[in-house]
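The values are calculated or read from the model by the stated rules, or taken from the named source; none is laboratory data. These figures come from a predicted structure and were not determined experimentally. Every residue, glycine as well, gets a Cβ built from its backbone with ideal geometry; the counts of neighbours run over all protein chains shown.
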Amino acid sequence: MTGQDWLEKDFYAALGVSRDADDAAIKKAYRKLARKYHPDQHQGDTAAEAKFKDISEAYAVLSDQKERQQYDAVRQMAGGGPRFAAGPGGAGGAGGAGFEDFLGGMFGGGGGGQGGNVRFSTSGGGGFEDILGGMFGGGGFGGGFRAAPPQNGRDLTARVTLPFRQAVSGSTAELSVGGRNIKARIPAGVHDGQKIRLRGKGEPGRNGGGAGDLIITVSVETHPVFSIEGRNLRVNVPVTFPEAALGATIEVPTLDGKTVKVKVAPGTPSGRVLRVKGRGIETPKGTGDLLATVQIVVPQRLDDAAREAIEQFSAATDGTDVRESLREQARL
């Protein structure tokens, strides 16, 4: 930003605030306009980009107490107007006590417009900006244009729902977040309610600040047979009483539509988990197992032969108290 910009640009008007606005009002106005005209919201709109630049320049000066005082002083001396012209016909010409006359008086001159001791030039070396630069410590207006401080973007949130098999195998989800389309890689084995953080995919930072993160909450549709537990798959397997009591080899379904043979040991109780190695979820960190939980099925209807067989079994095991251990533990 050049010194002439301070003469030509009304920073208060750019932010839509009065000249006596306090710091809070200036900050509030800037934030409102910055959100409205941010380039991320108007991609390819050069007018919006120019507007965003103007309000950023205005805020950089008015938010700094020292630069704001210097800006107000320069605008007051220049009458808040546009570029002046040195010499006759300009701001310091025959029209009366112009800007050069005012500065000439400050430096002990007798007027700058017509024959005064102090002359100012708008071109070449030692010009107007150099004079004002010397007034305010050199290097232009308060050290020149200073950008607004870096501001990190906020974290954003999103939700995605996956079919069960996509959750097992991994998937790529397309999300619309903050007016942007984002492709998010969902890892294999994600479970219902899990949150995934994508670094730098949130709200973009401002003035060189870092972007926020995108936090995705995953919902997984239920499956009628399988469920996910870490890298393992779980399945409930019905087993008949004879199979559990006498032992058997049964077939357990796998997620790929096939089956695997699993041995049920004699005397297996309901609820026991049978582990099938390497038939779970494949991930970069390893492959899980298939966990089959035994559920002993009680027949709902019995024919005469089955009833007679069960009655014989009951008579043969009469006197066996299967709840004795339960009562003892309840007394603890």
Of the residues in the stretch 41-78, those that are assigned to a helix (DSSP H, G or I), among the charged types (D, E, K, R), within 30 Å of the chain's Cα centre (by Cα) and surrounded by fewer than 14 Cβ atoms within 10 Å (Cβ to Cβ) number 1
Can you run down the residue pairs with Cβ atoms below 6 Å, 6 or more apart or on separate chains, where the first is in the stretch 1-20 and closer than 11 Å to VAL61 by Cα and the partner is at pLDDT below 80 and surrounded by fewer than 18 Cβ atoms within 10 Å (Cβ to Cβ)?
MET1/PHE145
Set GLY205, GLY178, GLY170: member being at pLDDT 90 or above and within 25 Å of the chain's Cα centre (by Cα)
GLY170
Residues in the stretch 281-332 that are closer than 19 Å to ALA244 by Cβ and assigned to a loop (DSSP other than H, G, I, E, B) total 8
Residue in the stretch 262-271 that is at pLDDT 95 or above, assigned to a strand (DSSP E or B) and in contact with a Leu (Cβ under 6 Å, 6 or more places away or on another chain) present
yes
Just need a number here: residues in the stretch 201-242 that are closer than 21 Å to GLY271 by Cβ, among the polar types (S, T, N, Q) and surrounded by fewer than 16 Cβ atoms within 10 Å (Cβ to Cβ).
2
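Strands (runs of 3 or more DSSP E) wholly in the stretch 195-237 with at least 3 residues that are of a type in the set (A, V, I, L, M, F, W, C) and not assigned by TED's automatic domain parsing to the domain that holds PRO284 - which ones?
Because the criterion is at least 3 residues that are of a type in the set (A, V, I, L, M, F, W, C) and not assigned by TED's automatic domain parsing to the domain that holds PRO284, the strands (runs of 3 or more DSSP E) in the stretch 195-237 that meet it are 214-220.
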Within the stretch 290-314, which residues are surrounded by 11 or more Cβ atoms within 10 Å (Cβ to Cβ) and of a type in the set (S, T, N, Q)?
THR293, GLN295
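Go through the stretch 243-289 and give me each residue that's acidic (Asp, Glu) and either surrounded by 10 or more Cβ atoms within 10 Å (Cβ to Cβ) or in contact (Cβ under 8 Å) with a residue 12 or more places away in the chain (or both). Before you say what the answer is, go through the steps one by one.
Quick first cut of the stretch 243-289, residues acidic (Asp, Glu) only: 243, 251, 256, 282, 289.
Across the stretch 243-289, the qualifying residues are GLU243, GLU251, GLU282, ASP289.
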Within the stretch 256-277, considering residues that are of a type outside the set (D, E, K, R) and closer than 16 Å to PHE226 by Cβ, the one farthest from the chain's Cα centre (by Cα):
VAL262
